[in-house]
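J.: After the structure tokens below, expect a handful of questions from me.
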Amino acid sequence: GVIEVPDSIDVTVTKYAHMKVWKPRISAVKLKIEAGGISGDSEIESMSPQTVVNEWQDMVFDYSASTGKYFKIVPIPDFADPVDLTDTIYFYIDDIYFSDDPPPEGWVAIHESISASCKIYPNPVENTLYIDAESMISNVSIYTLSGVLLENISVNSLKASIDVSAFTAGIYLIAVKALDYNMVLKFNKIK
């Protein structure tokens, strides 16, 4: 369906859209932004293809070729031509936001096998966030949900502790770059 945006999205400034999807089959994921019937609607496919089924995957859309303000968002999470379905399927979308930064390098879906290989705790966190990994961590970056880089830390260890006591309460993204994988997780900073 169409999502009305209370304040317009200016893709001249915020060029990247992020949308999380959960789907039972592999198909193209598109996101359309509309200028309210003025002109210049823009429908594009995600920068990276869908790679998993029945798991959440973060999809990112690059609107750097577009300019101006848009007033409606139309998610198209299951674009297939022909549709080729015999039964009803269910899919979910969540966490749609626009930012002026591309996704963190190596942004990937959080596979169950990968998330089991890298843990962050405690979550929610008040002062210190700990990371335990089975593969050597080279770098950790913390972003706001809108994609603004707050901190970039070199690690070179299987474990890391990150002081988040100065952050304001809220939800953040942590990008972990390891020898065998790159992944992004959310954490909740409290107090």
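The values are calculated or read from the model by the stated rules, or taken from the named source; none is laboratory data. Computed from a prediction, not measured in an experiment: that's the story for all the values here. Virtual Cβ from ideal backbone geometry, glycine too; neighbours counted across all protein chains shown. Heavy atoms of the whole protein, side chains included, go into the accessibility calculation; ligands, DNA and RNA do not. Shrake-Rupley method; radii C 1.70, N 1.55, O 1.52, S 1.80 Å.
Yes/no per residue for (1) of a type in the set (A, V, I, L, M); (2) under 15 Å from Ile96 (Cα atoms); (3) out of contact with any Lys or Arg (no Cβ under 9 Å at 6 or more places or on another chain):
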{"position": "Ser46", "(1), (2), (3)": "no, yes, no"}
{"position": "Val53", "(1), (2), (3)": "yes, no, no"}
{"position": "Trp56", "(1), (2), (3)": "no, yes, no"}
{"position": "Met59", "(1), (2), (3)": "yes, yes, no"}
{"position": "Tyr63", "(1), (2), (3)": "no, yes, no"}
{"position": "Gly68", "(1), (2), (3)": "no, no, yes"}
{"position": "Phe71", "(1), (2), (3)": "no, yes, yes"}
{"position": "Pro75", "(1), (2), (3)": "no, yes, no"}
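J.: Take the residues in the range 52-74 that are assigned to a loop (DSSP other than H, G, I, E, B) and closer than 11 Å to Lys23 by Cβ; name whichever of them is least open to solvent (accessible area, probe 1.4 Å). If you could, list the steps in order and put the result at the bottom.
T.: Filtering the range 52-74 down to residues assigned to a loop (DSSP other than H, G, I, E, B) leaves 52-55, 63-68.
If we keep only those that are closer than 11 Å to Lys23 by Cβ too, we end up with 52-55.
Values: Val52: 13, Val53: 59, Asn54: 83, Glu55: 57 Å².
Taking the candidates together, the pick is Val52.
J.: For the range 75-96, give me the residue count where each residue is within 22 Å of Glu34 (Cα to Cα) and open to solvent by less than 90 Å² (accessible area, probe 1.4 Å).
T.: The qualifying residues number 10.
J.: Residues in the range 82-120 that are modelled with pLDDT of 75 or more and over 30 Å from Thr12 (Cα atoms): how many?
T.: Counting residues in the range 82-120 that are modelled with pLDDT of 75 or more and over 30 Å from Thr12 (Cα atoms) gives 13.
J.: Let me ask another. Kindly check whether there is at least one residue in the range 121-129 that is surrounded by fewer than 15 Cβ atoms within 10 Å (Cβ to Cβ), among the charged types (D, E, K, R) and modelled with pLDDT under 80.
T.: Among the residues of the range 121-129, not one is surrounded by fewer than 15 Cβ atoms within 10 Å (Cβ to Cβ), among the charged types (D, E, K, R) and modelled with pLDDT under 80, which makes the answer no.
J.: Additional query: Could you tell me whether Ser165 is open to solvent by 30 Å² or more (accessible area, probe 1.4 Å) and either among the small types (Gly, Ala, Ser) or touching a helix residue (DSSP H, G or I) at 6+ places or on another chain (Cβ under 7 Å) (or both)?
T.: Details: open to solvent by 30 Å² or more (accessible area, probe 1.4 Å): yes; either among the small types (Gly, Ala, Ser) or touching a helix residue (DSSP H, G or I) at 6+ places or on another chain (Cβ under 7 Å) (or both): yes.
Yes.
J.: For residues that are open to solvent by less than 70 Å² (accessible area, probe 1.4 Å), over 30 Å from Val13 (Cα atoms) and out of contact with any helix residue (DSSP H, G or I) (no Cβ under 8 Å at 6 or more places or on another chain), tally how many sit in the range 130-152. Can you show your working first?
T.: Filtering the range 130-152 down to residues open to solvent by less than 70 Å² (accessible area, probe 1.4 Å) leaves 131-133, 135, 137-148, 151.
Now narrow it down to the ones that are over 30 Å from Val13 (Cα atoms): 131-133, 135, 137-138.
Among the residues that remain, those that are also out of contact with any helix residue (DSSP H, G or I) (no Cβ under 8 Å at 6 or more places or on another chain) are: 131-132, 137-138.
Within the range 130-152, residues that are open to solvent by less than 70 Å² (accessible area, probe 1.4 Å), over 30 Å from Val13 (Cα atoms) and out of contact with any helix residue (DSSP H, G or I) (no Cβ under 8 Å at 6 or more places or on another chain) number 4.
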